[in-house]
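Here is the structure we will look at.
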Amino acid sequence: MDLESGAGLLHRLTSYVPDREWDVPAEDPRVRHDLVPNDPATMPPPLKSYPAGLPVVPLPRDLPDPGVPATAVLAGVASTARPLDVAQLGRVLFLGAGVVRTAVRNGRPVLFRASGSAGNRFPLELYASTRGVAGVPDGVYWYDPVEHALVRVAPAAAGTVTTLVVTGVPWRTGWRYAERGWRHLYWDAGTLLSQLTAAAAGAGLAPRLRSLFPDAALRRLVGADGVHEYPLALLSLGDGEPAIEPGGPATPGELPPVELPLCTAAQRAGERDVLGSPWPDGPALPDVPPSDSLDEVIRRRGSQRRMDRARTLPRALLEWPLAAALRGVDVPHHVAVHGVDGVAPGRYRWPDLARPQRSAQLRDELLRICLDQALAGDAAYVVIAATPAAPLDDRTYRDAQLAAGLVEGRLHLAAYALGGSASGMTFLDSEVPGLLDEPDDLATLLFTCVGVPEYASRPGGRPGAPVEIRPVVPRLGG
């Protein structure tokens, strides 16, 4: 990976180091210094807006739950195929991007999505390019998560199978994390895709994830301009040719016209003009512990703000969630164990839990590396995705970040299915090679904390009926 251009330059200039506060930009003219993080005056809206008069397809608010255990879906057990109709498509969209909780912060309404995101910024939009969905005319639609409806933004695309398109809105997360927010686009997209994929698989819809696609064609398909919004991933519902060849112009919608040039350059450097193969599913797991249905687990899932340091998790709640989360993913993952029954504290490289690569209680070190965020020390274990940077290019760097987000999302689902909790975590990039005894040329991707919840999240609501909550304030320090 070239650290002087494209994604490599962005990675280098947005890496956190101990002698600079996380919200202070690097001293480099290619990073914007004129933006104030978390400025209420410039807060972007949580959704795109479209002109009135576009055709709308309301989605049924009674979701057809297949009743498949969450653990069975995560384990890769095949589910009975169900028809892809307007209700089932609505279920898949809602379980990924639907509004399940609301709150009021500083006098403003706050929307919490089913799949969550870093800082609750949810810097994503979701589209459905439909083919043969009963109750939905073929076309390209934006998913309206508040109204739980499809807004038609373009005519039908060429292709044979309905395809979901996930796009990223860099300013929505850049408002809080500046240019580092570009990484969050892919982390959050991976988390969203973990739930979209699981929801589709639970209905036997054969989801097929692709991260290599013709970027320019996808931008035309959904009306993204490549600066304020760009495509991140595709999820086709079935085998066949994804419906992504534009059939006509798309209504672009409106987004705040704030550009982060470093992010634009990183995205453009990875653009390609071919459609790649789907990501592999990985072999099914031989054991499936009991759990509630996937739909119930997703509604229960949250982003845990506090964990109980005094309590431990059984070994099975480390081994099974990681095995399920990493099915088909080859990005290296490490585990820092703090409190797991039958596993000595220390650092391990998955899947070897027989002998720690470093025997020590790492709570204080993880707390420091994770910017004094208490979850890093309070969790029962912390999963760390990191890979050598040299073999990556501008496109495979995207894939690595997306894969880390996908694993994090699956870890959330597995943890909540089995009685634990989880939360993503940021970190000091410069300190991770020392923690893992790896060379400095290491692209650290994402931390996920898994542990015993200190409180139970209120289950999320159903379409059109999100529950009102009072957000829990996370702890700082040990």
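Here are some notes:
- The Cα atoms of the range 51-169 define a convex hull whose projected area, averaged across directions, is 9.3 nm².
- Taking the convex hull of the alpha carbon positions in the range 171-266 and averaging its projected area over all directions gives 6.8 nm².
- When each of the peptides 59-65, 323-329 is scored by the mean number of other C-beta atoms lying within 10 Å of its residues, the order from highest to lowest reads 323-329, 59-65.
- Each part gets one Cα centre, and for the range 19-35 versus the range 427-478 those centres are 24 Å apart.
- Radius of gyration (Cα atoms) of the range 330-391, expressed as a multiple of 2.2 N^0.38 Å: 1.13.
- Given charges at Cβ of Lys, Arg, Asp, Glu: the range 352-478 dipole, positive-most of 420, 380, 442: 420
- Separation of alpha-carbon centers, the range 232-250 and the range 282-306, rounded to whole Å: 28 Å
- Charge sum, other residues only, whose C-beta stays under 14 Å from residue 129's C-beta, Lys/Arg counted +1 and Asp/Glu -1: +2
- A dipole drawn for the chain from +1 and -1 charges on Cβ atoms has a positive end, and of 31, 260, 155 the residue lying farthest that way is 155.
- Overall shape of the range 324-478 was characterised from the C-alpha gyration tensor. The equivalent ellipsoid obtained from it has semi-axes of 26, 20, 15 Å, in decreasing order.
- Restricting the calculation to Cα atoms, the range 147-195 yields a radius of gyration followed by a Dmax of 14.2, 39 Å.
- Antiparallel DSSP beta bridges within the chain, as percent of all bridges there, nearest 5: 90 percent
- Highest-first arrangement of 410-422, 392-404, where packing means the average Cβ count within 10 Å: 410-422, 392-404
- At 1.306 mPa s and 10 °C, Stokes diffusion of the range 1-90 via Kirkwood alpha-carbon radius, µm² per second: 82 µm²/s
- A simple count of charges around residue 84, restricted to other residues whose Cβ falls under 15 Å of its Cβ and scoring Lys, Arg +1 and Asp, Glu -1, yields +1.
- Helix content alone sets the calculated 222 nm mean residue ellipticity of the chain: runs of n ≥ 4 DSSP H residues at -39500 (n - 2.57) each, divided across all residues, give -8000 deg cm²/dmol.
- Mean Kyte hydropathy of 0.0 or more with a Cα span along the axis of at least 18 Å, helices from DSSP in the chain: 181-202
- Taking every protein chain into account, the accessible area of the range 322-478 amounts to 35 square angstrom per residue (probe 1.4 Å).
- Calculated P(r) of the range 108-206 - Cα pairs past 25 Å, %: 25 percent
- Net charge over other residues, Cβ less than 10 angstrom from the Cβ of residue 60 (K, R count +1; D, E count -1): 0
- Cβ-placed point charges (K, R +1; D, E -1), dipole of the range 437-478 about Cα centre in debye, nearest 20: 640 debye
- Taking the DSSP bridge list for the range 285-372 and keeping only pairs wholly inside it, about 90 percent are antiparallel.
- Applying D = kT/(6 pi eta Rh) to the chain, where Rh is the Kirkwood radius over alpha-carbon pairs, T corresponds to 10 °C and eta to 1.306 mPa s, the Stokes-Einstein value obtained is 71 µm²/s.
- Value in Å of the Kirkwood radius, where the range 186-228 supplies the Cα pairs that are averaged: 12.1 Å
- Taken over the C-alpha atoms, the range 274-359 has Rg and Dmax values of 15.7, 51 angstrom.
- Placing +1 on the Cβ of every Lys and Arg and -1 on the Cβ of every Asp and Glu, with no other charges, gives the chain a dipole of roughly 1260 debye about its Cα centre.
- Three semi-axes describe the equivalent ellipsoid of the range 127-168; taken as square roots of 5 times the Cα gyration tensor eigenvalues and ordered largest first, they are 16, 12, 9 Å.
- Taking the Cα centre of the range 47-182 as origin and assigning +1 to Lys and Arg Cβ atoms and -1 to Asp and Glu Cβ atoms, the resulting dipole is close to 520 debye.
- Compactness of the range 68-126 as Cα Rg over 2.2 N^0.38 Å, two decimals: 1.45
The values are calculated or read from the model by the stated rules, or taken from the named source; none is laboratory data. Note that the structure is a prediction, hence the values are computed from the model and not measured. Here the Cβ is made from the backbone with ideal geometry for all residues, glycine too, and neighbour counts use every protein chain on show. Only protein heavy atoms, including side chains, enter the accessible area calculation; ligands, DNA and RNA are left aside. Shrake-Rupley method; radii C 1.70, N 1.55, O 1.52, S 1.80 Å.
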